[in-house]
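These notes concern the structure reproduced below.
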Amino acid sequence: MPIGELFILGFFGKVVPEWLKQFAARYGLGGVILFDYSCQTRRYDNNIESPEQVRALCAEIARLPSGPMVFIDQEGGLVRRLKERLGFKPLPSAKEFNGLPAAEKRNILAASVAEMRQLGIHYDFAPVIDVDYNPDNPNIGRIKRAFSADIGEVEANALLMSEIAREAGIGLCLKHFPGIGGALVDSHQEFMDISEAMRPEQEALFYALAPKMFGDAVLVSHAIVRQWDPDRPMTLSPAGLGRLRQRLPDTLLITDDMQMQGLQKALGTREASLQSLKAGIDMLCIGNNLLDQEQEMAGIAEAVEQCLRDGTWAVSAAVASTERVRNRKALLAA
């Protein structure tokens with residue numbers, strides 16, 4: 001069982017490090033995530049320097065065993081790893097984008113996704129379809145990551161993105177299930193309890209849009225919805241992930257970064273990763289940016305293999321997740 005297919009891993013530096021080569025050779029590798037900013041050095045000195053360097057890095061990643069996909073957060077505005085000052089295409093924030101004329105929206109998106117494809121990037125962790133229910137939300141509304149407080153406008157922008165991404169062959173991943181626009185705290189720092197802010201129409205938007213998105217993927221947040229699961233965030237919740245899987249049987253389900261502080265305070269990366277897979281997630285995103293745990297990745301893969309050996313995680317579930325990953329690899333390599 002190529003357990004590494006279920007991992008999206010980050011690393012520090014402009015070239016593929018030796019530990020990641022060894023990981024891919026031993027376990028396979030589903031994907032890699034690229035960052036410009038390093039939370040360790042507190043500088044913009046991580047994976048991204050220039051279009052030429054990123055193209056070379058993506059080519060190096062593609063040559064790794066099992067041909068990992070390259071993921072990036074290129075939402076626009078503040079959450080944009082490919083920045084204009086380094087020679088990349090402009091991309092405004094979601095809120096600013098929503099106010100643009102239709103023709104300008106198309107031109108901006110077409111240039112951005114074509115650039116990603118040319119660089120060798122496969123998946124954009126976008127669009128954000130969190131409705132702007134709380135404009136003071138420190139992680140969404142306050143930094144203009146939401147398109148609108150009007151759910152119809154959010155849907156229209158997402159569909160436009162998918163149309164243009166499909167033409168370029170770039171996969172999209174909706175985020176952040178089940179919708180964190182109404183949250184009061186930053187998910188990077190604490191678990192978000194969105195029980196009171198949860199609206200049925202927001203949840204339903206994920207079910208309506210995911211199959212229409214090129215790449216058919218959903219990023220699951222570490223939010224808590226007590227009426228679904230009183231004890232666990234969505235990334236670790238069989239009940240929460242079960243709701244998703246029941247409605248979206250073929251969608252690729254990906255965690256938000258497993259190194260966010262809520263999970264770290266409660267469990268740590270290893271235990272949280274095991275619980276997430278057992279709960280029904282397909283891919284674990286471990287950025288190795290919020291924390292440097294690069295040397296621990298092989299140990300987590302070993303722990304996953306042990307769960308399969310001792311029967312605490314079903315082989316059938318691992319096979320189904322691996323198939324979803326490989327289907328996306330085939331789709332985005334075409």
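Rolling a 1.4 angstrom probe over the chain with all protein chains present gives an accessible area of which 51% lies on carbon and sulfur atoms. All Cα-Cα separations within region 51-94 were binned at 5 Å from zero, giving a P(r) of 6, 20, 23, 20, 16, 10, 4, 0, each value a whole percent of the pairs. What's log10 of I(q)/I(0) for region 212-334 at q = 0.22 Å⁻¹, Debye sum over Cα points only, no solvent? Here log10 of I(q) over I(0) equals -1.41.
Temperature 25 °C, viscosity 0.890 mPa s: under these conditions the Stokes-Einstein estimate for region 31-146, based on its Kirkwood radius over C-alpha pairs, is 162 µm² per second. Once the 1.4 Å probe is applied to the protein heavy atoms, region 211-334 comes out at 38 Å² accessible per residue.
With Cβ to Cβ distances under 9 Å as the rule, what net charge do the other residues near residue 16 carry (K, R +1; D, E -1)? Don't skip to the answer; put the middle values down first.
Numbers: positive: 21, 63; negative: 18, 60.
Around residue 16, the charge tally is 0.
Run lengths n ≥ 4 of DSSP H only: what is the helix-derived mean residue ellipticity at 222 nm for the chain, with -39500 (n - 2.57) per run over all residues, to the nearest 500?
Details: 11 runs with 133 residues, N = 334.
Counting only the DSSP helices, I get -12500 deg cm²/dmol.
Centre-to-centre separation between the Cα atoms of region 255-287 and those of region 304-318: 17 Å.
Of all aspartates and glutamates in the structure, those lying under 17 Å Cα to Cα from residue 144, and not within fewer than 8 positions of it along the same chain, are 73, 75, 96, 130, 132, 136, 153, 155, 186. Note on the chain: dipole from Cβ charges, positive end direction compared against 246, 263, 151; the farthest Cα belongs to 246.
Cross-linked pairs 21/89; 21/175; 278/329; 265/329; 21/212: Cα-Cα separations exceed 27 Å for 21/89; 21/175; 265/329; 21/212.
Judged by the mean number of other Cβ atoms found within 10 Å, the most tightly packed of the peptides 155-163, 325-333, 232-240 leads the ranking 232-240, 155-163, 325-333.
Accessible area per residue for region 97-195 is 35 Å², calculated with a 1.4 Å probe on protein heavy atoms, without ligands, DNA or RNA. Out of all DSSP beta bridges with both ends in the chain, state the antiparallel percent to the nearest 5. Just about 10 percent of them are antiparallel.
Could you tell me the distance between the Cα centroids of region 130-156 and region 24-38, to the nearest Å? Region 130-156 and region 24-38 have Cα centres spaced 30 Å from each other. For region 156-209, the fraction of C-alpha pairs farther apart than 13 angstrom is 65 percent.
Across the options 178, 97, 198, the greatest Cα extent toward the positive end of the charge dipole of region 75-200 (unit charges at beta carbon of Lys, Arg, Asp, Glu) belongs to 97. Highest-first packing order for the peptide set 214-223, 113-122, 304-313, 193-202 is 214-223, 113-122, 193-202, 304-313, based on the mean count of other beta carbon atoms within 10 Å.
Evaluated with a Cβ-only charge set (Lys, Arg +1; Asp, Glu -1), the chain carries a dipole of roughly 560 debye about its Cα centre, given to the nearest 20. On the principal axes of its alpha carbon atoms, region 71-210 extends 43, 29, 26 Å, with the longest extent given first.
When peptides 2-9, 170-177 are ranked by their average number of other Cβ atoms within 10 Å per residue, the highest-first order is 170-177, 2-9.
The values are calculated or read from the model by the stated rules, or taken from the named source; none is laboratory data. Not measured: the values here are computed from a predicted model. For neighbour counting, all protein chains shown are included, and Cβ atoms are generated from backbone atoms with ideal geometry for every residue, glycine included. For accessibility, only protein heavy atoms count, side chains too; no ligands or nucleic acids. Shrake-Rupley method; radii C 1.70, N 1.55, O 1.52, S 1.80 Å.
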